[in-house]
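S.K.: Have a look at the structure that comes next, please.
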Amino acid sequence: MNEPDDTTLMEQCAKGSRQAFETLLVRYEKPVYNAAYRMLHSRDDARDVTQTVFLKVYENLDQYDPKYRFFSWIYRIALNESVNVLKKSSRLEPLNTETISQTQGPEQQASSDEMSEGVQMALMAIKSDYRSIVVLKHVLGCSYTEISEILELPEKTVKSRLYSARQLLKEQLDQDGTN
Amino acid sequence: MAIDEKYEELINADIDGELSSSERRELEAALDSSPEAVAYRVELLELNNVFHNIPELDPPPALVRNILDQVQLPAKRKFFKLPSPLAGLNPVAGGLAFAAGLVLAVVIYENDSRNVPQQDTVSMVGAMVASDQVNAPGQGNNLLLELDVLSGSVSLNLSENGQALEFDLNSNQAVEIEIDLEKAGLMVVGFAQDDRGDGSFIDTLELLGGTMRVVNQGKHHFVIFVRQTPDSKNHGKDIRIGISQDGQRVYEDRLGSIR
């Protein structure tokens with residue numbers, strides 16, 4: 001049997017269905033967590049952001065407008081919350097890779113995937129608005145139109161920022177010898 | 001390596017799977033004629049491949065349960081946050097003057113009106129409070145908080161309409177504060193948040209049964225106005241306050257209510 005779509009689940013949530021909320025939670029927990037991790041490079045922060053995102057969804061059930069796609073709404077909340085964490089920890093500006101290496105916790109140091117770690121460090125070295133677009137495109141698999149809707153930016157701006165972000169990432173990865 | 005802007009756009013769109021058939025023909029022509037375009041495409045494909053190979057991370061196993069433990073679905077909630085704090089509100093009786101520009105947020109509670117005279121309920125719901133009047137006058141009790149997760153104070157003072165539980169809180173992370181009013185024979189009659197915090201609303205404010213639940217993240221100054229329930233003599237005098245983070249209780253204490 002097909003699972004109900006997001007809009008149906010949101011309607012059921014608004015009527016008090018805990019099961020519907022749990023289904024949405026299970027459906028979006030992983031992408032939200034991964035997006036937050038790629039934005040923040042910290043599992044603890046990614047966990048906190050994921051928790052905050054779903055609590056905000058729950059608190060604002062009545063404000064959800066079904067003419068927009070649910071994932072656009074939740075991904076927007078996830079990115080905004082991630083940026084809030086960056087602001088609070090004064091990490092909004094990109095860190096240079098040397099600084100990132102020095103500030104890694106044990107969880108990052110234990111990572112066996114050097115390629116993944118190299119990409120993550122390159123991501124952390126670009127500005128958060130570029131990083132958001134890369135995360136939406138390459139982590140969450142969104143189209144230009146979807147990114148435009150989520151970030152509330154013209155599609156032209158989305159493309160331009162994505163191309164620039166890629167260029168910066170390539171330079172960063174070349175510099176690190178990862179790419 | 002300089003590359004024509006049009007080629008750049010076509011190659012990126014190709015990588016992203018957003019190329020129309022006419023653009024594809026245009027791209028193929030570009031790749032036939034421009035070695036720079038070919039090299040740029042190879043670089044982008046390599047970058048795309050790098051992202052394809054990044055493993056997806058699994059969230060902590062307890063995350064879903066932790067989130068579910070923190071939510072109560074709407075049927076059980078009595079929670080009103082006004083999108084525009086001042087819209088549609090009228091100052092109410094009670095002697096609390098309204099000073100424009102000073103109020104950051106006003107939230108109105110619907111009280112359980114059982115056993116409460118109707119006129120009292122009407123007069124007490126929806127207090128508008130200026131920041132210079134949030135500090136209710138009179139003697140009260142004070143609780144200083146110097147926790148790892150939260151600092152600030154909670155105090156209970158007399159106000160013209162009853163009692164005012166004043167919170168001055170500061171926390172980097174989301175911290176949940178539970179105030180058990182029912183066991184102290186108290187009921188909520190209003191809430192006000194002023195402009196002495198960091199400018200944001202407190203994250204969550206809920207009244208579940210006789211327990212007030214507030215989630216604080218950032219710096220906030222707010223007051224919960226309470227008054228005695230008609231059967232308050234049958235209850236204890238202490239207001240129990242519990243503080244939790246990530247579902248774990250980190251602090252508990254009591255404030256003596258004023259009788």
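The values are calculated or read from the model by the stated rules, or taken from the named source; none is laboratory data. Because the structure is a prediction, the values reported are computed rather than measured. Note: accessible area is taken over every heavy atom of the protein model, side chains too, but ligands, DNA and RNA are not part of it. Shrake-Rupley method; radii C 1.70, N 1.55, O 1.52, S 1.80 Å.
S.K.: Using protein chains only (no ligands, no nucleic acids) and a 1.4 Å probe, work out which residues of the stretch B:41-63 have their accessible area cut by at least 50 Å² relative to the chain alone.
M.R.: B:L47, B:V50, B:F51, B:I54, B:E56, B:L57, B:P59, B:L63
S.K.: So, one more: At a probe radius of 1.4 Å, what is the per-residue accessible area of B:D4, in Å² to the nearest 10?
M.R.: 80
S.K.: Could you list which residues have their amide H under 5 Å from that of B:I239, counting only those 5 or more apart in sequence or on another chain, with H placed in the peptide plane?
M.R.: Residues meeting the amide H criterion: B:L255, B:G256, B:S257.
S.K.: Treating cross-link reach as a plain straight distance, find the lysines whose alpha-carbon is under 20 Å from the alpha-carbon of B:K237, omitting any fewer than eight places away in the same chain.
M.R.: The reachable lysines, counting only those whose Cα sits under 20 Å from B:K237, are B:K183.
S.K.: For B:L145, which sequence-distant residues (separation of 5 or more, or a different chain) have an amide H within less than 5 Å of its own amide H, given hydrogens modelled in the peptide plane?
M.R.: B:G152, B:S153, B:V154
S.K.: Give the cross-link partners of A:K67 among the lysines, using a straight C-alpha distance below 21 Å as the criterion and excluding same-chain residues fewer than 8 apart.
M.R.: A:K15, A:K56
S.K.: Using a probe radius of 1.4 Å on protein heavy atoms only, what is the accessible area buried between chains A and B, both sides summed, to the nearest 100 Å²?
M.R.: Counting both chains, the buried surface is close to 4300 Å².
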